[in-house]
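Trainee: Sending over a structure as structure tokens; questions will come in a sec.
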Amino acid sequence: MTIDPAKTAIVLIEYQNDFVSEGGAFHGAVQGVMEKTDMMANTRKVVASARAAGVTVIHAPITFAPGYNEITSHPYGILKGVVDGNAFVKGGWGAEIVDDLAPQPGDIVVEGKRGLDTFASTNLDFILRSKGITTIALGGFLTNCCVESTMRTGYEHGYQVITLQDCVAATSAEEHDNALKYDFPMFSTPMSGADFAGRLQAGR
């Protein structure tokens, strides 16, 4: 696969303190898989390579106003967990993008993510198309939830989707491994961060 950096964006999904940092609402749930994949170190390397190659870097945090009035008053599933954990509250520490991956000049921060699919409630598709981007590389949380939902929609929208297998994490190794083995190959080209970075260099 040839990757043209000028037509590529890396989309960083929910690298926020409530997932990434000690004391975050969901950090304990994802810590084991994060350590297994070494996702933070891998992501930092990939982002540095992407910036050097001229790839567009897009951050996709999820945030809610205090009280969670943007969603149903009777949430269920993963969003119930968010509400019960008082997670990703706009203006709070937990919702902030982790310092190690803080947006840099030239990066884009997508606003409006309130659910699982990054495309669903944001202007991500508009941004990508307006910049002539045809390839998206995905990393972040959760492997089998927001990353997978975004992957599926990107595939349906006609993007060349790359999933960075060692830059994602889930709440269990079983969920993570199952998504990588069975779901990611159906809707994307899975590869390691190092492989992606190498292909960027070759495509420059």
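Trainee: Run the helix sum for the chain: -39,500 (n - 2.57) per DSSP H stretch of 4+ residues, divided by residue count, reported at 222 nm to the nearest 500 deg cm²/dmol.
Mentor: Helices in the chain give a 222 nm mean residue ellipticity of -10000 deg cm²/dmol.
Trainee: Further question: Please compute the Cα-Cα pair-distance distribution of the stretch 1-77 with 10 Å bins starting at 0, giving whole percents from short to long.
Mentor: Spelled out per bin, shortest first, that is 15, 36, 30, 17, 3.
Trainee: Could I ask something else about it? Pop out the ³J(HN,Hα) list for the stretch 4-18 in order, Karplus 6.51 cos²θ - 1.76 cosθ + 1.60 with θ = phi - 60°, rounded to Hz; leave Gly and Pro as x.
Mentor: 3J(HN,Hα) across the stretch 4-18, in whole Hz: 8, x, 5, 10, 10, 10, 9, 10, 9, 9, 6, 7, 10, 4, 5.
Trainee: Right, something else. Could you tell me the ratio Rg/Rh of the stretch 141-191? Both radii from Cα atoms, Rh via Kirkwood.
Mentor: 0.93
Trainee: Here's something else I'd like to know. Filter K36/K80; K36/K113; K80/K181; K45/K80 down to the pairs with a C-alpha to C-alpha distance above 31 Å, please.
Mentor: Violating the 31 Å Cα-Cα cut-off are K45/K80.
Trainee: May I pose another question? Would you list the P(r) distribution for the chain, with all Cα-Cα distances sorted into 5 Å bins from 0 and each bin expressed as a whole %?
Mentor: Result, from short to long distances: 1, 8, 17, 22, 22, 17, 9, 3, 1, 0 percent.
Trainee: Please list F126, F19, F26 from largest to smallest accessible area, probe radius 1.4 Å, with all protein chains kept in place.
Mentor: Heavy-atom accessible area, descending, gives F126, F26, F19.
Trainee: For the stretch 44-111, what size does the Cα cloud have along each of its three principal axes, sorted from largest down, in whole Å?
Mentor: 45, 20, 18
Trainee: Can you pull the semi-axes for the stretch 91-169, root of five times each eigenvalue of the Cα gyration tensor, sorted largest first, whole Å?
Mentor: Whole-Å semi-axes of the equivalent ellipsoid: 20, 16, 13.
Trainee: Please state the charge dipole magnitude for the chain, taken about the Cα centre, from unit charges on C-beta atoms (+1 on K and R, -1 on D and E), reported in debye and rounded to the nearest 20.
Mentor: For this selection, approximately 640 debye.
The values are calculated or read from the model by the stated rules, or taken from the named source; none is laboratory data. From a predicted model like this one, the values you see are computed outputs, not experimental measurements. Neighbour counts are summed over all protein chains in view; Cβ atoms, including those assigned to glycine, are modelled from backbone coordinates with ideal geometry. Heads up: the accessible areas ignore ligands, DNA and RNA and are worked out on the full protein's heavy atoms, side chains in. Shrake-Rupley method; radii C 1.70, N 1.55, O 1.52, S 1.80 Å.
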